[in-house]
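J.: This is the structure I want to talk about, given as structure tokens.
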Amino acid sequence: MPDIDIDFADRTVALNKLTHRVAKLDTGKKHNTGVYVTECPHNPVDNLCTVDYKTAEDRGYFKLDFLNVSIYKEVKDETHLMSLMRKEPLWELLVHKDFVEKVFHVSGHDSLLKQLKPQSVEQLAATLAIIRPAKRHLASKDWETIMKEVWTKPTNGEYYFKKAHAVSYAMACVVHMNLLCEQIKS
């Protein structure tokens, strides 16, 4: 089953409008972001699903991850968001540690960004995938090799970033980069 993440400036706004059940981790604790918007076995007192999310998935229940992504608090409206997504960011800023440290999801990875110098959403998505353990070996490769291998699922079960997630996060980075540039101009 696909894993769907939905980003919100404040997820509680959406959750307050939906009947939902909170997903449970295999440790028995509540999942930080996962919810079910369909009926599933749950405790009526705390609204927590009574089976962990992996078992629930095996039984056919579909979990959605509602994520709080604070960068969206600075987005004024849909038109503003679309303009931030369409605008080509200043890719050369990704070689500056002080800028990278402010950017959603790439903070702490300035040396990798300086090494790879992504120049497109696709390259930034691949860079985000390389941050994951299963793909770190690609960090020293050329872009042709990276793009050929980065989306291949590891055969050893190691965690990797799926292309759809990586591209989505890369677009969020682009939005954030453009927001930061807007703030600098102001």
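J.: May I ask you to say which residue of LYS148, LYS185 is free of Cβ contacts under 8 Å to residues at least 24 places away in the same chain and over 24 Å from SER70 (Cβ atoms)?
T.: LYS148
J.: Could you list, in sequence order, all residues of the stretch 76-90 that are crowded, with 17+ Cβ neighbours inside 10 Å and of a type in the set (A, V, I, L, M, F, W, C)?
T.: Listed by number, the list holds a single entry, LEU84.
J.: In the set LEU81, LEU67, LEU94, which member is touching a residue at least 24 places away in the same chain (Cβ under 8 Å) and touching a Ser or Thr at 6+ places or on another chain (Cβ under 8 Å)?
T.: LEU67
J.: Which residues, taken from the stretch 105-145, are farther than 26 Å from ILE71 by Cβ, of a type in the set (Gly, Ala, Ser) and more than 20 Å from the chain's Cα centre (by Cα)?
T.: SER140
J.: Return the residues of the stretch 146-181 that are more than 30 Å from ASP77 (Cα to Cα) and either among the aliphatic types (A, V, I, L, M) or under 19 Å from the mean Cα position of the chain (by Cα) (or both); say none if nothing qualifies.
T.: Result: ILE146, MET147, VAL150, TRP151, THR152, LYS153, GLU158, TYR159, TYR160.
J.: Mind checking which residues of the stretch 104-151 are farther than 16 Å from VAL167 by Cβ and of a type in the set (Val, Ile, Thr)?
T.: Once the filter is applied, which keeps residues that are farther than 16 Å from VAL167 by Cβ and of a type in the set (Val, Ile, Thr), the stretch 104-151 yields only THR145.
J.: Sort through ILE131, ILE184 and tell me the only one that's hydrophobic (A, V, I, L, M, F, W, C) and open to solvent by 60 Å² or more (accessible area, probe 1.4 Å).
T.: Of the residues listed, the single one that is hydrophobic (A, V, I, L, M, F, W, C) and open to solvent by 60 Å² or more (accessible area, probe 1.4 Å) is ILE184.
J.: So the check is Cβ under 7 Å with 6+ separation or different chains; which pairs have a first residue in the stretch 111-126 that's at negative phi and open to solvent by less than 10 Å² (accessible area, probe 1.4 Å) and a second one that's among the aromatic types (Phe, Trp, Tyr) and at pLDDT 95 or above?
T.: Qualifying pairs under 7 Å: PRO118/TRP91.
The values are calculated or read from the model by the stated rules, or taken from the named source; none is laboratory data. No experiment lies behind these values; they were computed from the predicted model shown. Here the Cβ is made from the backbone with ideal geometry for all residues, glycine too, and neighbour counts use every protein chain on show. Surface areas here come from the heavy atoms of the whole protein model, side chains and all, with no ligands, DNA or RNA. Shrake-Rupley method; radii C 1.70, N 1.55, O 1.52, S 1.80 Å.
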